[in-house]
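Presented below is the structure to which this report refers.
The values are calculated or read from the model by the stated rules, or taken from the named source; none is laboratory data. Note that this is a predicted model, so its numbers are computed, not measured. So basically every Cβ, Gly included, is an ideal-geometry build from the backbone, and we count neighbours across all protein chains shown.
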Amino acid sequence: MRSAVREVKDGQLKLRVAATAYNLTLGSLQRRVKGTVPNTGHCSGRNTVLSARDEQAGQSLLLLAGREFPLKRQQLRSLALQFCQQ
């Protein structure tokens, strides 16, 4: 997406040609070229706010899963409930 926007703004490609070449919808590319939608990151929905403690808990769960010790759904829900109650 960024490459397509850059090439259109630099005049290297026309809008429709860039949309076809990069397999993008014309409308979404046009909005980004005009600047009505930011070019970076995922732009829908709210940003999540995690504290360092929340982030550490998530990393611990990923570490367990990476070491072939994944939690079952009920175990994960139970841990999440305990975490939220603290």
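In the stretch 17-46, the residues that are among the polar types (S, T, N, Q) reach residues that are modelled with pLDDT under 90 and surrounded by fewer than 13 Cβ atoms within 10 Å (Cβ to Cβ) with C-beta atoms within less than 7 angstrom, at least six apart or across chains, in these pairs: Asn39/Arg2. So, in the stretch 1-34, of the ones that are polar (S, T, N, Q) and over 23 Å from the mean Cα position of the chain (by Cα), which residue ends up surrounded by the fewest Cβ atoms within 10 Å (Cβ to Cβ)? Filtering first and then ranking leaves Gln12.
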